[in-house]
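Scroll down for the structure; my scribbles are underneath it.
The values are calculated or read from the model by the stated rules, or taken from the named source; none is laboratory data. These numbers were taken from a predicted model, which means no experiment stands behind them. Here Cβ is always computed from backbone atoms with ideal geometry, including for glycine, and neighbour counts include all displayed protein chains.
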Amino acid sequence: MTPGSGSERALTRALRLACDISAGIGGLTLIAMASVTVISVAGRALFSTPIQGDVELVQLGCAIVVASFLPYTQFRHGNIIVDFFTTGVAAPKRSVMDALGTLLYAIMMAVICWRVAAGGLQVHEYQETSALMAIPIWIPYMLMLPGFALGAVLGGVQTVDHLRAARAGGERV
């Protein structure tokens, strides 16, 4: 994000906070998944009593974790980019190419968000549950939505930022 007017800085701060909160939720979910796994393995080894449905919990948690970490990674410019085509390209052209990349990211996050929401509504309608623990499947679906929605918004904001940088003739800060 390029520094600019007060409203742009406020938007950047708000997005940073939202991405940090999303990553924090993902981190807590990851810690919970690791704890379930450790307790289940220890219970199986020491007492022959693993946690029933531990694999289900980890599978459902993985989807939430991935969706929660995506916006943080995008905000910090941590996603992998292929700069083979942009090496040696002038900064304004590189900014346009980066704008295209972030626009595609925003579109993909929006499409994924839309489809996860549609899928969540469908499994809620059919009252689908996990096999062992009978956890309603719609819950993890809905817990993924904030991360995908935030990623879509962030991609849109970054696209505008790259286009502004291209028009100014330089790189984003």
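Among the criteria (1) of a type outside the set (Ser, Thr, Tyr); (2) within 29 Å of Asp20 (Cβ to Cβ); (3) out of contact with any helix residue (DSSP H, G or I) (no Cβ under 6 Å at 6 or more places or on another chain); (4) at pLDDT 95 or above, the one Gln122 does not fulfil is (2). For Thr29, the criteria (1) within 30 Å of Met133 (Cβ to Cβ); (2) at pLDDT below 95; (3) crowded, with 19+ Cβ neighbours inside 10 Å hold in every case but one, which is (2).
Could you identify the single residue in Leu30, Leu46, Leu104, Leu57 that is assigned to a helix (DSSP H, G or I), touching a residue at least 60 places away in the same chain (Cβ under 8 Å) and not small (Gly, Ala, Ser)?
Step by step, each of Leu30, Leu46, Leu104, Leu57 is checked, and only Leu57 is assigned to a helix (DSSP H, G or I), touching a residue at least 60 places away in the same chain (Cβ under 8 Å) and not small (Gly, Ala, Ser).
Residues of the stretch 1-27 that are assigned to a helix (DSSP H, G or I) and not hydrophobic (A, V, I, L, M, F, W, C): Gly6, Ser7, Glu8, Arg9, Thr12, Arg13, Arg16, Asp20, Ser22, Gly24, Gly26, Gly27. Scanning the stretch 120-152 for residues that are among the small types (Gly, Ala, Ser), surrounded by 15 or more Cβ atoms within 10 Å (Cβ to Cβ) and more than 14 Å from the chain's Cα centre (by Cα) yields Gly120, Ser130. Check the stretch 88-95 and report whether any residue there is assigned to a helix (DSSP H, G or I), buried (at least 18 other Cβ atoms within 10 Å of the Cβ) and at pLDDT 95 or above. Looking for residues that are assigned to a helix (DSSP H, G or I), buried (at least 18 other Cβ atoms within 10 Å of the Cβ) and at pLDDT 95 or above, one finds none in the stretch 88-95, hence no. Applying the criterion of being of a type outside the set (Gly, Ala, Ser) and surrounded by 13 or more Cβ atoms within 10 Å (Cβ to Cβ) to the residues of the stretch 107-119, the residue that is farthest from Thr159 (Cα to Cα) is Val116.
In a loop (DSSP other than H, G, I, E, B) and under 25 Å from Ile21 (Cα atoms): which single residue out of Gly151, Gly78 fits that description?
Numbers: Gly151 fails: in a loop (DSSP other than H, G, I, E, B).
Every option except Gly78 fails the conditions.
Going by what's in this entry, would Ile51 be described as within 19 Å of Phe148 (Cβ to Cβ), of a type in the set (A, V, I, L, M) and either outside any helix (DSSP H, G or I) or free of Cβ contacts under 8 Å to residues at least 12 places away in the same chain (or both)? Answer is no for this residue.
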